[in-house]
Amino acid sequence: MTPGPHGEPDSHAAPTTRIPRVAGRPADHDSPTGPIPALPAEEATEVQAAVPAEEERPERSMPTLMEQMGGIAGIVASTIPIAVFVVANVLFDLKPALVAAIVAAVLVAIVRIARRQPLQPAISGFIGVGVCAFIAYRTGEARGFYLPGLLYSAVLGLAFLVSILVRRPLAGVIWHGINGHGQAWRKNPRMLAAYSWASALWTVVFAARVVVQGWLYNADAATALGIARLAMGYPLFGVAILGTVLAVRRAERPVEE
């Protein structure tokens, strides 16, 4: 009560209300805004291990040219239909030989599928045999089966020759493409010269195939042409590859001062 002007209490004054002070409560640890208790070191490690981390995506490397060709097995398998045609054409007639070559190409593809091997060599071989068989069937001559390969050798020989002239030797491009090493070798004069010599060797190989097989083609010697096709295939390729390896190894040797 507030006292009046003469000291007595003023009954008309508004009463004063006192709000009691409430003592502060301790922080509730169960509240989401309260402090989070620290876990022991062992439990924290287990929790971190349980949280799945982002999977690191390994970089997918591009397959090399050798892998795309199916390796040595894929290269050898591609010659089976040709060998079958040569033998069947000697033993039988043209049409049975064509059928035998196509069946052989199909069987090669089936085997590669069953072994879960790359299909690109089998598909390429099947298409190649199909084209050769179609030309032989349309011309009615067994030598027509070897005409695409003869033209292919002529194109490759010309390509290797031109690559030397433009200072981009195909021997180096293909070799480093097979091994997946890139094309930085062109900046090395010794490597460029080595691959130029190797490309010249490949040019000679393809030119020899065109000259010999072209002569047999014009002579209509189908059986001899088939034998020459096989004999001048991978054996000559092996010689050219060996020459390429020797040239590159010599170029990679350190220069003696």
Given the conditions (1) of a type outside the set (Val, Ile, Thr); (2) in a helix (DSSP H, G or I); (3) within 22 Å of GLY149 (Cα to Cα), and given that ASP220 satisfies all but one, which numbered condition is not satisfied?
(2)
Of all residues in the range 128-148, which are of a type in the set (Gly, Ala, Ser), under 34 Å from the mean Cα position of the chain (by Cα) and farther than 17 Å from ALA224 by Cβ?
GLY128, GLY130, ALA133
Within the range 228-242, identify whether any single residue is over 27 Å from PHE134 (Cβ atoms), buried (at least 17 other Cβ atoms within 10 Å of the Cβ) and touching a Leu at 6+ places or on another chain (Cβ under 6 Å), and answer yes or no.
yes
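Can you pull out the residues in the range 143-186 that are assigned to a helix (DSSP H, G or I) and at pLDDT below 90?
Passing the criteria: ALA171, GLY172, VAL173, ILE174, TRP175, HIS176, GLY177, ILE178, ASN179, ALA184, TRP185, ARG186.
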So which residues in the range 147-157 are within 11 Å of VAL210 (Cα to Cα) and in contact (Cβ under 8 Å) with a residue 12 or more places away in the chain?
LEU147, GLY149, LEU150, SER153, ALA154, LEU156, GLY157
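Listed here are the residues, each with its yes/no results for (1) among the charged types (D, E, K, R); (2) in the same structural domain as ALA83 (by TED's automatic domain parsing); (3) touching a residue at least 12 places away in the same chain (Cβ under 8 Å).
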| position | (1), (2), (3) |
| --- | --- |
| SER163 | no, no, yes |
| ARG168 | yes, no, yes |
| GLN183 | no, no, no |
| VAL211 | no, no, no |
| PRO235 | no, no, no |
| GLY243 | no, no, yes |
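The values are calculated or read from the model by the stated rules, or taken from the named source; none is laboratory data. Because the structure is predicted, anything quoted here is derived from the model rather than measured. Because the Cβ atoms are built from the backbone with ideal geometry, glycine has one as well, and the counts that use them run over all protein chains shown.
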